[in-house]
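Structure first, commentary second.
The values are calculated or read from the model by the stated rules, or taken from the named source; none is laboratory data. These numbers come from a predicted model, not from an experiment. Quick reminder, even Gly has a Cβ in these numbers, built from the backbone with ideal geometry, and neighbours come from all protein chains shown. Protein only, heavy atoms only, side chains kept; ligands, DNA and RNA dropped before computing areas. Shrake-Rupley method; radii C 1.70, N 1.55, O 1.52, S 1.80 Å.
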Amino acid sequence: MDDRKPFPVKPLLVFVAVIAAVRLSLSLPVMPFLSPSLLAAALFLYAPLPRYRHRGFPAWARATDPGRSVAIFSLLAGAGAIAFFLFVRLPLPPAISPYHGTVPLTAAMAAHHLLLVALPEEVFFRGYLYDAFEEAGREPVLPVALLFAIGHFVIAPSPFRLLTFFPALLLGWGRKRSGNVYVPTAIHFLYNLFPSLIGGSP
């Protein structure tokens, strides 16, 4: 007997609206006080709020079993580093493998990737959308990874952006095994710094 609840249509509509708003912002005149990246971060962080207004503090925002979280982080960090090192050395066209040389790492870049990219995206995808699919009785890792890749592609269309599906699977697994968004947020942040920490193709 199928005990699944209705498909999470409302969260998907929220996803479509957020991605459309971010995509539209890229075609508007630049506003110094509201850049597209700042708008995206705000939408990803605050769009989930109505869902949790009456439910209280979400379980994925609670830091439990830190030892387990550190172990999962270490495993995903190592696996991601090996995968990235091998990927950038494959003879792929630039449209799929755009990393060349080492990108200088600055404090501003690190803050941007943590506060405007990793944290808000993980709250939205591995927090809000993950919950929506799980509560509907569906395995959330795969569909959320697909939405993650689709969102990246729609905002900045390129074949490379579709490849975000694969690290998103690891991020989803990190959420599943740790039970929180802190592990996928830390991993997301680390993965975004790999072009600086590991470098691209020679």
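A few comments on the model shown:
- Number of residues in the range 64-84 that are among the hydroxyl-bearing types (Ser, Thr, Tyr) and open to solvent by 60 Å² or more (accessible area, probe 1.4 Å) equals 2.
- The residue that is farthest from GLY179 (Cα to Cα), among those in the range 85-100 that are touching a residue at least 24 places away in the same chain (Cβ under 8 Å) and open to solvent by less than 70 Å² (accessible area, probe 1.4 Å), is ALA95.
- Residues of the range 123-165 classified as within 22 Å of ALA61 (Cβ to Cβ), outside any helix (DSSP H, G or I) and not charged (D, E, K, R), total: 2
- Filter result (more than 13 Å from PRO120 (Cβ to Cβ), open to solvent by less than 40 Å² (accessible area, probe 1.4 Å) and either among the hydroxyl-bearing types (Ser, Thr, Tyr) or touching a residue at least 60 places away in the same chain (Cβ under 8 Å) (or both)) within the range 36-63: TYR52, PRO58, TRP60, ALA61
- The residues of the range 177-202 that are under 19 Å from LEU92 (Cβ atoms) and either part of a loop (DSSP other than H, G, I, E, B) or basic (Lys, Arg) (or both), listed by number, are ILE198, GLY199, GLY200, PRO202.
- Qualifying residue in the range 136-146 (condition: without any contact (Cβ under 8 Å) to a residue 60 or more places away in the chain, small (Gly, Ala, Ser), surrounded by 22 or more Cβ atoms within 10 Å (Cβ to Cβ) and within 22 Å of ALA20 (Cβ to Cβ)): yes
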